[in-house]
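A quick write-up on the structure given underneath.
The values are calculated or read from the model by the stated rules, or taken from the named source; none is laboratory data. Computed from a prediction, not measured in an experiment: that's the story for all the values here. All Cβ positions, glycine included, derive from the backbone under ideal geometry; neighbour counts span all protein chains shown. Ligands, DNA and RNA are excluded from the accessible area calculation, which covers all protein heavy atoms including side chains. Shrake-Rupley method; radii C 1.70, N 1.55, O 1.52, S 1.80 Å.
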Amino acid sequence: MECLNDWKADARKRIVVPRVMNHTTNTVDSIRPQDVLELCKWIAADRSNHALKEIESSVVNEVPAIRDWHPDFAFTHLLHFVTEEAGRLPSFDDFARHPIFKDAMYEDIEAQVLKVARLDKAKEPLARNAVRWRIGIAYYSFLKEQYVISLIRSEGINVKQHPLADALFRVDCWVGDTNIDLYVTNSFFRSEKGDKGRKIKSQDLLADAIPPFNNVILACKTRHTFGDVHLPDENDVRDACRKLLSGTS
């Protein structure tokens, strides 16, 4: 597959490639819907637990260097790594302070903030807020995706996931030879992998696969209230799973 070969050959990914290729999923494959629900309830109970604090979405557009920043390690890579290391879904602060995240991201973050500050020192606090926004949005997207995947699993379906498939091939999870693209978005908590970020579909990226994959899209809408993590309705997800995956094994 061309995109896999290009990724492996990218000099900037020399540290990323072996780390991602050698990653195994265990913790994420045992997450229950209740685990996600309890974490979201804990976030909602105290404003200080909220990943975005009081930062508005407009902040990112004011800092193009952060808005258009694509670090060597994708956020989904690190979310998977930290979750496996911790043996549970982390809080946002636990994730952002974890040695895995710090080693992979802190130097890059400081470089991006410095780039903004060189042009306009007054924008440095804005840049730091924009960084938190980018990472916070990725964190909430991960929680929502884990909730949907755990619901699919609770239907007795042998669903799998891996950060390589997610970040490189846009495959959130799969069942047998059927790749599943999850769209768990709304106008506020818009995933970086959402409608605007997914102009290239997994079926296009894997078009040269032999034998070919089946591809399905599972779209789940959520409500929006600032400061809350709204998960898709459980019954809606279960109904969608049964309809889309009735022929998989």
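Descriptive notes on the structure:
- Ranked packing of 154-160, 235-241, most packed first, by mean Cβ within 10 Å: 235-241, 154-160
- Sparse-neighbour loop sites [GluC sites (Glu not before Pro); the range 57-145; at most 16 other C-beta within 10 Å; DSSP]: GLU62
- Spatially, the range 104-118 and the range 1-32 are offset by 24 Å when compared through their Cα centroids.
- Tensor-based shape of the range 1-84 (alpha-carbon gyration tensor, a/c under 1.5 rounded, otherwise prolate or oblate): oblate
- Average accessible surface for the range 44-122: 52 Å² per residue, computed with a 1.4 Å probe over protein heavy atoms with every protein chain in place.
- Portion, in percent, of the accessible area of the chain that falls on carbon or sulfur, probe 1.4 Å: 50 percent
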